[in-house]
1. Fewest Cβ neighbours within 10 Å first, please rank A:171, A:124 accordingly.
2. Whole percent per 5 Å bin, from 0 to the bin with the longest distance: what is P(r) over all C-alpha pairs of the range A:20-225?
3. Calculate, in nm to one decimal, what residue B:136 and residue B:369 gain on full extension: separation in residues at 0.36 nm each, minus their alpha carbon distance.
4. Out of all DSSP beta bridges with both ends in chain A, state the antiparallel percent to the nearest 5.
5. Which length gain, in nm to one decimal place, applies between residue B:316 and residue B:120 when the Cα-Cα distance is subtracted from 0.36 nm times their residue separation?
6. Give me the inter-chain shielding for B:373-383: mean count of other chain Cβ atoms within 10 Å, whole number please.
7. Taking the Cα of residue B:211, stepping 7 Å toward and past its beta carbon, and measuring to each backbone N in the range B:230-272: which are under 17 Å?
8. Under a crude label model (7 Å from the Cα following the beta-carbon direction), how far is residue A:111 from residue A:162 in nanometres?
């Protein structure tokens, strides 16, 4: 039994686009992914462990928001030069798998507003197609955390950012959060929107012919809600 | 807190019974400890609970005669062995000594009766027919007796057997004992075994006339156990008397002191004075103060990577983390926000702490039938132990990371006058109580701050006493005071990992300015939100000195 604290399966591409940030690749994180990737994992565990990863992702994503200096007085009367949270934020989930990440977001930001976008692949053209979008009215003034657990080809994420831009959100105020990304998806997405930051938990090997991430974890929404 | 509650695995572990200083423990004679079964046992329980139970008049300093500031053991518990004939008054003497000691913190009276051997079916038949010689040395499991006593003497936990007199058998459960500074062993053969004799610091033989012992025995057995006079006499002549002559009486030559079985007030006074002096010689250590004053004082987040503190990990000081700390430190933060953000911080800390557990490779198949070579946790038992009350908020974070984690707790409070921490209560998960499991367990020790480090020092010491290896202890805390006890902790326990949210520069002694009940300095009432500040004069009038971490976040508790 070899005990280690370094991950064994990371295959990060040699050059990541500068706007991509991964969580610290620890054995602990890898163990979490191992559980949710395992097809034998039951739904309860899948929910619990994917929530833990999502929480870490959201914590990481929030670090990309600006803060302003703030001085406070502590209960002992000392002063402390700290920082205050500044920009207003909102979450936007790409239905339906993205919805699963809302809980994690709310655990960290209690009263955050959440918009929803429904994008599905048009079976005839294989293009991502917008079906529905409901976004907070003042979204143009907010930083947007875009939630979608799997970045495969990047089609729906690209479409979602397009929708957000139409609503007046500048590209650099969008932070795209996902659990697992494929190198192809990252390349497509960042090629299109170089100023949008991407926070991902793990970068996998690639895509199969059905555009599923390899080794991936299957269909996130399916496993979260149905299986 | 009756004895019957203490015997099960799941029940309260050590029964630290509270006896007000100077209170009289019950003096009535009880012959059978831990006999918690069968009809009529209930009423006897309260009388019997005092044996094989850690008694205390107040908290216990864990290094009580035992640890210096490097965490090394400097002495063992004081062990008194009391032998004498059946019904000679051994228990009476033991209890009078406890009583005469007054406010000595923690005493356990260990009874030989607990160590009767497990009987074979044949022996069992004899026992029920009153044909088994319980007074013979062979009836006692001396090696086990000696090893349990050696553990207790060295300050380790011990799980002593429980013997049921109604079933005439050793029960499967054991009784967990830990933390006595004085151990009194009593039994007719307490001085018989050489291995046991070696462990005593003071050997007492209670000398009593045979006719008096017989009279007491008849009176007790008839009244308390419903036996006939004939039956008692037969047993006496067949077993008790020969055993006394052959095995008990001869051991009086090993005794340091022979105490009369009645009218022994003076003898007991002498013994108590002797013990008290022995104990006091060692207990002049003011730990909190020495911890706060030690070492250079410039431990800033910048030089944490230096080789002196390889096991202190500070979270990455991200904008979010700084923001969270700003909210927590702000005295105007509402209670609701305070709770929310401590939760958020503690979950994050717990996630980070998980990184220090060992992992092994594991291959799984994903739903799209691909093999993934990943990792899985490789530990037998993981548990959390929180230092009450301020460790409480971190418990919730830990539960968000390991839902079903076992949680234990330690209540450590400062003594008002000296500010010295005392262990008032401990409740540890079974994976620590059993020494064999403790050796392989990983423990997250939770406390909101490390100021002087005294409470942390004590808590780590308690875990080590139980056999948890240093490298398996991960101390999770929000704030560490740079100039405080963290240095001492690292020196005393170099392999214990400490993970903290941030480092604060200042640790200073001040008057308690919070409207709280006496509680450990750096651990009290933060989630009052905005503590009601007292005026300095009021606080000084109360005369409570505390160590304050600055800028800090006030008192944190639940």
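Each reported figure results from applying straightforward, stated rules to the coordinates on display, with no laboratory input. Owing to the predicted nature of the structure, the values given are computational and were not obtained by experimental measurement. No Cβ is skipped: glycine too gets one built from the backbone with ideal geometry, and neighbour counts run over all protein chains shown.
1. Listing A:171, A:124 from fewest to most nearby Cβ atoms yields A:124, A:171.
2. Bins of 5 Å from zero give 1, 7, 15, 19, 20, 15, 10, 6, 3, 2, 1, 0, 0, 0 percent of pairs.
3. Value of the extension gain: 76.9 nm.
4. Numbers: 15 of 41 bridges.
DSSP beta bridges in chain A are roughly 35 percent antiparallel.
5. 64.3 nm
6. Working: counts 6, 15, 16, 7, 6, 6, 1, 0, 0, 0, 0.
Across B:373-383, the average partner-chain Cβ count within 10 Å equals 5.
7. Output list for this probe position: B:261-262.
8. According to this spin-label approximation, the distance is 3.6 nm.
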